[in-house]
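One structure below.
The values are calculated or read from the model by the stated rules, or taken from the named source; none is laboratory data. Quick caveat: nothing in here was measured; it's all calculated off a predicted structure. Glycine gets a Cβ as well: all are built from the backbone with ideal geometry, and neighbour counts include every protein chain shown. For the accessible areas, the whole protein counts, side chains as well, though only heavy atoms, and no ligand, DNA or RNA atoms are used. Shrake-Rupley method; radii C 1.70, N 1.55, O 1.52, S 1.80 Å.
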Amino acid sequence: MASTIAVPETAQPSTAPLPQGSAPFESWGRYPVYNANVVPLHWQSDYPAVAAKLHNGTLPVGMGRSYGDVCLLKGGNLLLTTAMNRLIDFDPETGILTAESGITLAQILDFAVPRGFFLPVTPGTKYVTLGGAIANDIHGKNHEVAGSFGNHVPCFELVRSDGTRRLCSATENPDWFAATIGGMGLTGLITWAQLRLKPIVSRLIDYEGIQFHGLDEFLAIKEQYKHVEYTVSWIDCVSTGKNFARGVFMAGDHSKVPGPLPQSPEPKLVLPFDLPGFVLNSTTVSMFNTAFFHKQIKSHVKTLQDYEPFFYPLDKVLHWNRGYGKNGLLQFQYAIPWEHAKEGTIAILKEIAKSGLASFLAVLKAFGDIPSIGMMSFPLAGIMLALDFPIKANVSFPLMQRLGDMTREYGGRLYSAKDACMTPEQFRAFYPNWQDFARYRDPAFTSSYWERVTGEIPTV
Ligand SMILES: Cc1cc2nc3c(=O)[nH]c(=O)nc-3n(C[C@H](O)[C@H](O)[C@H](O)COP(=O)(O)OP(=O)(O)OC[C@H]3O[C@@H](n4cnc5c(N)ncnc54)[C@H](O)[C@@H]3O)c2cc1C
């Protein structure tokens, strides 16, 4: 039996112009690009009324910060949530914030930081919506101690195409709760959600950066820094020989010394046009990697750093994805369980270095063992690697296929939020309970990702 709760709509919708009608909709990787009918939602009550006359399937979308086609629907209808972005309630006693699903994490931070609160889990960009963060059950630098985003969501409302409104939590409609966290927008529209924020007393992060050479050193440092909340490493995926798998391990905790808590300034830098594809080649990337590695001249640095450059270094330049040129980029992101994590990572890093295609944006991290709530969530205890590849016809796609197969051999999985290449065979191996999940899919909802990985012919 579906349950409902009344939620007041408190503020006015955003007045910013929104894309509307049939238009190409780009995800962050800019590949693939499909035309879709963009339908902006302003009020929680807009859906399903706005969709009454729509055909060819529907998919909710937020900021389009996923890389591949999980937020795309070729020739279908995209329910754009970003104008449905009101804060509804905040309880400073519990830290529980209630907001509409189109609010961005940047907007939440603007509200929360001056009040002494921070996000419980944050990805490498703050320009994602609350709904998108739940639907991909995103992870951050604190996965080992905090789990993924869904672990901090007490409840949300899910609206289905037949108009049913369900309150979902660990105790109310728990199966819908588990299907929708990490459910890639396929179970219905999340209209609003709660998020448990955590207290902070300063914007500053106690930061340490430590150089490592090879995976053994990375794993040893990781053990040593178990007590630190946030850890992530940059890794050089281009160098071979004595520089193979060199990197910088970055660790940080929120400072415990009280300090000012102003809002962040707006970013000023925008990459206004596409760079030609040749700007990123093996020589420029190798130069960048050497410069980055030696940027920390000492092999170990300790400093205080504002949370913006620590969590969101890439947000400093809006639309940095244009740096890959019009062709766009592919992101490869895997998690491999501890049992095979080291050998799998070494084998994959060698394959990547051999390709000469890797970019400088490569991240290595350990995932912890806090179970995700979502049926289709990505994290698993082990090693996670993420990196971008420029798209080069005849080279990038076969490489992605090989790397996906290797991930499968080592018992790992790829991240749907970043994927544009996974084959149906790989998908079935990575997400073996996908058929159970499919029972919760809204019959009117689908995505280009879902159609690709299930081999499903659109029927809606
Ligand atoms: C620079 C950068 C760094 C990143 N770092 C990380 C990281 O560290 N960790 C990580 O996990 N991810 C990371 N990501 C990926 C990003 O966090 C996720 O793809 C996130 O889900 C994007 O949110 P969005 O609002 O842009 O959603 P979109 O990309 O628009 O949509 C994502 C999914 O959410 C669904 N959805 C959106 N809104 C709703 C709704 N209201 N109801 C139901 N379903 C909905 C969509 O259907 C789609 O399946 C990064 C992305 C970028 C660009």
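Do we have any residue at all in segment 391-398 that's in contact with a helix residue (DSSP H, G or I) (Cβ under 9 Å, 6 or more places away or on another chain), part of a helix (DSSP H, G or I) and either within 20 Å of residue 332 (Cα to Cα) or open to solvent by less than 40 Å² (accessible area, probe 1.4 Å) (or both)? Scanning segment 391-398 turns up at least one residue that is in contact with a helix residue (DSSP H, G or I) (Cβ under 9 Å, 6 or more places away or on another chain), part of a helix (DSSP H, G or I) and either within 20 Å of residue 332 (Cα to Cα) or open to solvent by less than 40 Å² (accessible area, probe 1.4 Å) (or both). One residue alone among 238, 228 is in a loop (DSSP other than H, G, I, E, B) and within 21 Å of residue 356 (Cβ to Cβ), and that residue is 238.
May I ask you to list the residues in segment 299-328 that are at pLDDT 85 or above, open to solvent by less than 50 Å² (accessible area, probe 1.4 Å) and within 12 Å of the ligand (Cβ to nearest atom)? Result: 311, 312, 315. Just one of (1) under 19 Å from the mean Cα position of the chain (by Cα); (2) open to solvent by less than 10 Å² (accessible area, probe 1.4 Å) fails for residue 375. It is (2).
Under the condition of being more than 16 Å from residue 128 (Cα to Cα) and either within 14 Å of the ligand (Cβ to nearest atom) or in contact (Cβ under 8 Å) with a residue 24 or more places away in the chain (or both), the residues counted in segment 93-111 number 5. For segment 424-438, indicate whether the set of residues that are of a type in the set (A, V, I, L, M), touching a residue at least 24 places away in the same chain (Cβ under 8 Å) and either surrounded by fewer than 18 Cβ atoms within 10 Å (Cβ to Cβ) or within 16 Å of the ligand (Cβ to nearest atom) (or both) is non-empty. The answer is no, given that none of the residues of segment 424-438 is of a type in the set (A, V, I, L, M), touching a residue at least 24 places away in the same chain (Cβ under 8 Å) and either surrounded by fewer than 18 Cβ atoms within 10 Å (Cβ to Cβ) or within 16 Å of the ligand (Cβ to nearest atom) (or both). When residues in segment 331-371 are screened for being outside any strand (DSSP E or B), of a type in the set (A, V, I, L, M, F, W, C) and open to solvent by less than 10 Å² (accessible area, probe 1.4 Å), 5 of them pass. Inspect all residues belonging to segment 154-166 and state whether any of them is near the ligand (Cβ under 9 Å from one of its atoms), on the phi < 0 side of the Ramachandran plot and open to solvent by 10 Å² or more (accessible area, probe 1.4 Å). No - not one qualifying residue is present in segment 154-166. Taking the criterion of being under 13 Å from residue 150 (Cβ atoms) and of a type in the set (A, V, I, L, M), the residues of segment 96-137 that qualify are 121, 130, 133, 134, 135. Restricting segment 178-200 to residues that are within 14 Å of the ligand (Cβ to nearest atom) and small (Gly, Ala, Ser), which is surrounded by the most Cβ atoms within 10 Å (Cβ to Cβ)? Residue satisfying both the conditions and the ranking: 185. Among the candidates 124, 62, 68, the residue that is crowded, with 23+ Cβ neighbours inside 10 Å and under 21 Å from residue 332 (Cα atoms) is uniquely 68.
From the list 454, 446, the one residue that fits, being of a type in the set (Val, Ile, Thr) and farther than 26 Å from residue 123 by Cα, is 454. Scanning segment 127-149 for residues that are surrounded by fewer than 24 Cβ atoms within 10 Å (Cβ to Cβ) and more than 9 Å from the ligand (Cβ to nearest atom) yields 142, 144, 145, 146. Of the helices (runs of 4 or more DSSP H) lying entirely inside segment 113-208, those carrying at least 3 residues that are within 28 Å of residue 259 (Cβ to Cβ) are 143-146.
Across segment 209-232, the qualifying residues are those that are under 30 Å from residue 262 (Cα atoms), among the hydrophobic types (A, V, I, L, M, F, W, C) and buried (at least 20 other Cβ atoms within 10 Å of the Cβ), and the one among them that is nearest to the ligand (Cβ to nearest atom) is 232.
Looking at the structure I just gave you, is residue 101 under 16 Å from residue 376 (Cα atoms) and crowded, with 20+ Cβ neighbours inside 10 Å? No; evaluated as a whole, the condition is false for this residue. Only one of the numbered conditions (1) charged (D, E, K, R); (2) within 30 Å of residue 227 (Cβ to Cβ); (3) surrounded by fewer than 21 Cβ atoms within 10 Å (Cβ to Cβ) is not met by residue 203, and that is (3). In this structure, does residue 60 turn out to be over 17 Å from residue 138 (Cα atoms), within 14 Å of the ligand (Cβ to nearest atom) and either touching a Ser or Thr at 6+ places or on another chain (Cβ under 8 Å) or at pLDDT 95 or above (or both)? In short, no. Considering every residue within segment 75-82, establish whether at least one is over 30 Å from residue 36 (Cα atoms), in contact (Cβ under 8 Å) with a residue 12 or more places away in the chain and either open to solvent by 10 Å² or more (accessible area, probe 1.4 Å) or in contact with a strand residue (DSSP E or B) (Cβ under 7 Å, 6 or more places away or on another chain) (or both). The answer is no; no qualifying residue exists. Residues that are surrounded by fewer than 16 Cβ atoms within 10 Å (Cβ to Cβ) and farther than 21 Å from residue 158 by Cα were ranked within segment 439-458; the one that is modelled with the lowest pLDDT is 458.
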